[in-house]
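Let me begin by presenting the structure, written as structure tokens, before commenting on it.
The values are calculated or read from the model by the stated rules, or taken from the named source; none is laboratory data. Remember, it's a predicted structure, so these values are computed and weren't measured experimentally. Cβ coordinates were reconstructed from backbone atoms using ideal geometry, including for glycine residues, and neighbour counts include every protein chain displayed.
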Amino acid sequence: MSAGTAPWIARQQKRRRDVVTPEGIALPFTVAGRGARFGALLLDFIILYVGMLIFLFLAMYIASGAGELLDDKKMSGPVEMIVVIFFVGMFLARYGYFMFFELGPRGATPGKRVAGIRVAARDGGRLTPSAVLARNLLRDIEIFLPLVFILTAQSGEGGAAAIAATLWFAIFMLFPFFNRDAMRAGDLIAGTWVVEAPKAKLLETITTAEAAAGRSSVADVAYRFSDAELSVYGEYELQTLEKVLRDDIPTAMVNVHEAICRKIGWNPGAGDERAFLEAFYAQLRAKLEGDMRFGKRKKDKFS
Amino acid sequence: MKAPILRTLFGQQAVAAPPDIEAAVLRSDRFRLEREGEWQRLEAIVTRMERGRLRGLSDDDVLALPALYRTAASSLAVARETSLDAATLRYLEALVQRAWYQVYGPRIGFFAWLRRFLGGGLSQAVREIWLDICIALAVMVAGTVVGWLLVERDVEWYYALVPTDFADTRVPGASRQQLLEALGHDGSTNGLSAFAAFLFSNNAGVSIMAFALGFAFGIPSLMLLIHNMAVLGAMLWLFNTQGLVVDFAAWLSVHGTTEIFAILLAGAAGMHIGRNMAFPGKRSIMTAAAESGRRAAQVMAGVVMMLIVAAFLESFARQLVTATPARFAIGGSMLAFWLLYYFAFRRTMRENLE
């Protein structure tokens, strides 16, 4: 069991925000990481542009067929029709794609879904259509304009003005890095944020009566731990032990078993690690939860 | 009809045997085992809602959702104080959060929202930013005057202001005949709708920019408005030199009343955000930005709609209708229509909303 709080847990804690529901329950939300959001955006654009390309090729294929049919140098009716559909389709695709999916029950585009994140209202209220509209209207100045300016500034055509404009637009692009909640400008305007979409399965209970009583199924012994032996650990260690038991990796269990035995001064045996750990887990949890009911909490082994 | 394989893969999982509550030794486990049936029912309902399969939900499930949500929420509150089972806590937190999204999620679908939006939401949003519209209007008028005056003083300004793709034959020193030609059209419809679509995506881009830049306290929006209107002022001066200003105004008004109105609204929407962020009053800046941003976004949806109309007017009506009075009639009636839609019928609109 590691000492203190692991750095990834500290990072996780930094991104947690409590939102109080109307029922008075503080629901923890985890602000989505910037990397996950960038990945989601990339994926969405790939989907969008591959879709557009397919659409374009299809349109060109139909247009070439129609052109041959009519054998006309000027833009004929059908071709013109296709061009109109193409332009309007492109526009609607660019803005509609994000809006349609973010207004859905999952509040996430396919890219966000893959990344395990979603859009939510920052004040804990509803995610309204106008909020989704607002956050997506700003995407242009956040991504496309800065890119255009950065590319032109590199060629050095615009001179000082172009560099100034690039810096100015870079502020929009880097906006998520300047605030705690990783909001982009669109999120700020719309009153939204992007949070991790929770996904958790209900796992089995691991404290059975047998283990708690300390009876082992392999060796014919009963593990009983004294109060003093149980009080070396706290909640953090308990939950780490829970993870070890759920993961069920034999080598990890052997190591943990050894570590616990060393700590409480037992002589580690071999072959019955799981039963030992289950018994230890159940009895430690019973003790800690019992203390909890009296308002005594022990965060980890140091407290 | 669905293939059977899909049902087994994505359908309901097999129902687990009821948990043996008596066998659990820990109080927190008994607490969990007594309630997990309800949690799982809630999870099943929420999963269905997330997939958008509302039709598959029975009336019982829909009615039970709020109660189940509250049960799960109170279970979470209790479990936080009594249980150290990290997996159960994590599950409950995730479940309550997911259910919360569904219980407090958007109640109306996209199309219901659109109907409400067009039937009052849009015009109400426009009325709510009236002050910004007034400011934007003043700025635009000033921009036009400035453009005119600048070019009148020094013709060189014309080339600085007007983008080169407009300055084909419409340059200072052009004859009356050339300018008249620029206003006329040969009357064929070839390529017009494609031109309209192009104009639309171009103009929509510009106005979204005017809106989006308002975020920086509105100043870029104002600059964009001034610049665009200065171009107009310069062109007005040019046509005035040949005594064609009325014809030019008519030519412009066909789509211009709609398009300039749309640009006015876009600039006002951008400025609305900027103004609210600069002067948030008693609200926090974040709240002010969010409130004004949502309002302005609705206006922007209306702007995009107007620009679609403007593009079609520009490519069809303007090029096909060449008589000055007819052009004024079209432009004027469009303007009257938008003004009526946004600012009149206030009471009926309100009633529709509520």
Checklist line | segment B:63-96 - residue that is farther than 25 Å from A:Met292 by Cα and out of contact with any helix residue (DSSP H, G or I) (no Cβ under 8 Å at 6 or more places or on another chain) and, of those, nearest to the other protein chains (Cβ to nearest Cβ) | finding: B:Ala67
Note to self: Pairs needed: first member in segment A:284-303, modelled with pLDDT under 85; second member anywhere, part of a helix (DSSP H, G or I) and of a type in the set (Phe, Trp, Tyr); C-beta distance under 8 Å; at least 6 residues apart or different chains.
What the structure shows: A:Lys299/A:Tyr236; A:Asp300/A:Tyr236; A:Lys301/A:Tyr236
Check: In segment B:121-152, which residues are at pLDDT 85 or above and of a type in the set (D, E, K, R)?
Finding: B:Arg127, B:Glu128, B:Asp132
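Here is a yes/no grid of residues against (1) at pLDDT 85 or above; (2) closer than 16 Å to B:Ser28 by Cα:
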{"residue": "B:Glu50", "(1), (2)": "no, no"}
{"residue": "B:Arg53", "(1), (2)": "no, no"}
{"residue": "B:Gly56", "(1), (2)": "no, no"}
{"residue": "B:Leu63", "(1), (2)": "yes, no"}
{"residue": "B:Pro66", "(1), (2)": "yes, no"}
{"residue": "B:Tyr69", "(1), (2)": "yes, no"}
{"residue": "B:Ser74", "(1), (2)": "yes, yes"}
{"residue": "B:Leu84", "(1), (2)": "no, yes"}
{"residue": "B:Thr88", "(1), (2)": "yes, yes"}
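Conditions tested, residue by residue: (1) in contact with a helix residue (DSSP H, G or I) (Cβ under 8 Å, 6 or more places away or on another chain); (2) more than 17 Å from A:Leu133 (Cα to Cα); (3) crowded, with 16+ Cβ neighbours inside 10 Å; (4) within 8 Å of chain A (Cβ to nearest Cβ).
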site: B:Ala99; (1), (2), (3), (4): yes, yes, yes, no
site: B:Gln102; (1), (2), (3), (4): yes, yes, yes, yes
site: B:Arg115; (1), (2), (3), (4): no, no, no, no
site: B:Arg127; (1), (2), (3), (4): yes, yes, no, no
site: B:Val139; (1), (2), (3), (4): yes, yes, yes, no
site: B:Trp148; (1), (2), (3), (4): yes, yes, yes, no
Notebook entry, point to check: Can you name the number of the only condition in (1) of a type outside the set (S, T, N, Q); (2) within 10 Å of chain A (Cβ to nearest Cβ); (3) under 30 Å from A:Ala108 (Cα atoms); (4) surrounded by fewer than 16 Cβ atoms within 10 Å (Cβ to Cβ) that B:Arg27 fails?
Noted result: (3)
Next item on the list: Name the one entry in A:Glu23, A:Glu68 that is at pLDDT below 90 and assigned to a loop (DSSP other than H, G, I, E, B).
Entry: A:Glu23
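Do we find that B:Val246 is surrounded by fewer than 21 Cβ atoms within 10 Å (Cβ to Cβ), closer than 19 Å to B:Ala266 by Cβ, modelled with pLDDT of 80 or more and not hydroxyl-bearing (Ser, Thr, Tyr) in this structure? Quick ask: steps written out before the conclusion?
Details: surrounded by fewer than 21 Cβ atoms within 10 Å (Cβ to Cβ): yes; closer than 19 Å to B:Ala266 by Cβ: no; modelled with pLDDT of 80 or more: yes; not hydroxyl-bearing (Ser, Thr, Tyr): yes.
So B:Val246 fails the test.
Go through segment A:267-281 and give me each residue that's over 31 Å from the mean Cα position of the chain (by Cα) and in contact (Cβ under 8 Å) with a residue 24 or more places away in the chain. So that I can check it myself, show each step before the final result.
Initial filter on segment A:267-281 (over 31 Å from the mean Cα position of the chain (by Cα)): A:267-280.
A:Gly269, A:Gly271, A:Asp272, A:Arg274, A:Ala275, A:Phe276, A:Leu277, A:Glu278, A:Ala279, A:Phe280, listed by residue number.
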Check: Has segment A:262-273 got at least one residue that is in a helix (DSSP H, G or I), crowded, with 17+ Cβ neighbours inside 10 Å and of a type in the set (Val, Ile, Thr)?
Finding: no
Checklist line | Filter result for the condition that a residue is assigned by TED's automatic domain parsing to the domain that holds B:Tyr158, of a type in the set (A, V, I, L, M) and within 14 Å of the chain's Cα centre (by Cα), over B:Ala249, B:Ala278, B:Ala269, B:Ala311 | finding: B:Ala269
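Out of segment B:234-250, which residues are part of a helix (DSSP H, G or I) and over 20 Å from B:Gly332 (Cα atoms)? Step through it out loud before you land on a result.
First, the residues of segment B:234-250 that are part of a helix (DSSP H, G or I): B:234-241, B:245-250.
Across segment B:234-250, the qualifying residues are B:Ala234, B:Met235, B:Trp237, B:Leu238, B:Phe239, B:Asn240, B:Thr241.
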Margin query: Take the conditions within 14 Å of chain A (Cβ to nearest Cβ), touching a Leu at 6+ places or on another chain (Cβ under 9 Å), surrounded by fewer than 20 Cβ atoms within 10 Å (Cβ to Cβ) and modelled with pLDDT of 65 or more and apply them to B:Ile219. Does it pass?
Written below: yes
Next item on the list: Quick one: count up the residues across segment A:95-145 that are over 22 Å from B:Gly52 (Cα atoms), touching a helix residue (DSSP H, G or I) at 6+ places or on another chain (Cβ under 6 Å) and in a loop (DSSP other than H, G, I, E, B).
Entry: 1
Next item on the list: Just one of (1) among the charged types (D, E, K, R); (2) closer than 21 Å to B:Gly302 by Cα; (3) within 7 Å of chain B (Cβ to nearest Cβ) trips up A:Arg135, so point out which.
Entry: (3)
Checklist line | A:Phe101 being more than 10 Å from every other protein chain (Cβ to nearest Cβ) and without any contact (Cβ under 8 Å) to a residue 60 or more places away in the chain | finding: yes
Next item on the list: Name every residue in segment A:170-195 that is surrounded by fewer than 24 Cβ atoms within 10 Å (Cβ to Cβ), more than 12 Å from every other protein chain (Cβ to nearest Cβ) and under 21 Å from A:Glu102 (Cβ atoms), in order of residue number.
Entry: A:Met173, A:Pro176, A:Ala182
Notebook entry, point to check: Do the conditions hold for B:Thr322, that is, is it part of a helix (DSSP H, G or I), over 17 Å from the mean Cα position of the chain (by Cα), surrounded by fewer than 23 Cβ atoms within 10 Å (Cβ to Cβ) and not aliphatic (A, V, I, L, M)?
Noted result: no
